Amino acid sequence: MLDILKKKSRKSLTIRAIISIVIVIGLLALTKFAVFDVITGPTELDVTADPEQYEGKYVTIEVENFLTDYVEHTTTTTNTKTGSKSTSVDGNSYIVFNAVDDYENNSSIWYYYSIYMKKSQKNELYDLIDDTWNYWGDETNTVAPPATLKVTGTWTKLESQLERYYKETLTEMGIEESSYDVVYLYTIDTAKIGGQSVVFFWVCMAAALLLLIYFIVNVVGIFSNRYAGKINTYLHNNPSVSLAAIEADFAQAHPIGKNAWVGRKWTVYVEGPKANILANRDLVWGYYFKQTGKYSVSQLRVFNMAKKMISINLSEDEAHEALKYYAEEQPHMIVGYTKELETSFQKKFTEFLNLKYNPAINAEQADPYFGNNTSF
């Protein structure tokens, strides 16, 4: 018995482990495995290096000069009831540059690129833009250079529309690409990590972490005896019952589908990775329950003396097969459903027990061979 239950448990745990790790990998792929960049820290962006090598990476840089903003990013939502639309500002894209000294030619090379910043930093960025213009337009050499701002985000190639606005703005400002003006068609997107919004990225990573823990738990479960926990608990709570007796009953039990066995004294079934055991003597009622629609179910429902319902997922044919064995071998159980039986069970439980359970108990006590002494 235990070997059969262990095999089924391990199969369930293996499937769960495979599914969970596949989803983890999928979530990591969806976010371009950016979590590893976040864990190790963003890459320092070197503006003098080939920009393509940083594409899609989580980078950081001290932005030195802020030229202008060129796009306001907004989100428009529509009220489904009234049809009215409302627009909110998310943030702005800015053109910035870092100046790198070219000592051989006694000059400097300006590397232009774009950054996206949320709207809450707009005033700060506008002040830095003013400081940049004041510094580079100063002919007295008395104006201090603008403060730098450390910007961290995903180095992303500009989308076509943003690229057009970016180029148009540079042209309007008289900036053309040359050996001293290097224009990168990239932006540091501070609102995204791994191509996804920051919030969505962290939701994905939280889900991936939980699934990774779930994967580990399942793998550990494969090599443990956790599957038999409820059987061991039952044996502990019923010291007069031996595992050998349960195994002997299991050997003669009627297999129901692939995961349930109805014996003379016990019903054993596997639910996910765990084996469950029910003492047939404690069962007073059983019937088939089916529900269709979004939350469809197909179950064998049995109730014990404590009025607790135990649901076992079975097909309709499997459930009726189990009920047939209960009807034949458990004289104390009521099999089948009617509204009257439910009312009696819920409101007049003693009367419900008098229908079959109590008469069977009394008969068993008067004649220990009653019903071939199979259920008691």
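The values are calculated or read from the model by the stated rules, or taken from the named source; none is laboratory data. Remember, predicted model here, so these are calculated numbers, not experimental data. In this analysis, Cβ positions are derived from the backbone assuming ideal geometry, glycine residues included, and neighbour counts consider all displayed protein chains. Surface areas here come from the heavy atoms of the whole protein model, side chains and all, with no ligands, DNA or RNA. Shrake-Rupley method; radii C 1.70, N 1.55, O 1.52, S 1.80 Å.
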In the set Thr82, Thr74, the lone residue that is outside any strand (DSSP E or B), farther than 21 Å from Leu128 by Cα and open to solvent by 60 Å² or more (accessible area, probe 1.4 Å) is Thr82
By my count, helices (runs of 4 or more DSSP H) wholly in segment 116-228 with at least 2 residues that are in contact (Cβ under 8 Å) with a residue 12 or more places away in the chain and touching a helix residue (DSSP H, G or I) at 6+ places or on another chain (Cβ under 8 Å) are 198-222
Within segment 229-275, restricting to residues that are touching a His at 6+ places or on another chain (Cβ under 8 Å) and either outside any loop (DSSP other than H, G, I, E, B) or in contact (Cβ under 8 Å) with a residue 24 or more places away in the chain (or both), the one that is least open to solvent (accessible area, probe 1.4 Å) is Val262
Counting only residues in segment 85-105 that are of a type in the set (S, T, N, Q) and open to solvent by less than 30 Å² (accessible area, probe 1.4 Å), the one nearest to Pro145 (Cα to Cα) is identified as Asn98
Determine, yes or no, whether Gln299 is surrounded by 18 or more Cβ atoms within 10 Å (Cβ to Cβ) and over 16 Å from Leu353 (Cα atoms).
yes
The residue that is nearest to Gly195 (Cα to Cα), considering only those in segment 1-60 that are among the acidic types (Asp, Glu) and surrounded by fewer than 16 Cβ atoms within 10 Å (Cβ to Cβ), is Glu55
Within segment 163-180, residues within 25 Å of Glu44 (Cβ to Cβ), at pLDDT below 95 and surrounded by 10 or more Cβ atoms within 10 Å (Cβ to Cβ) come out as Glu177, Tyr180
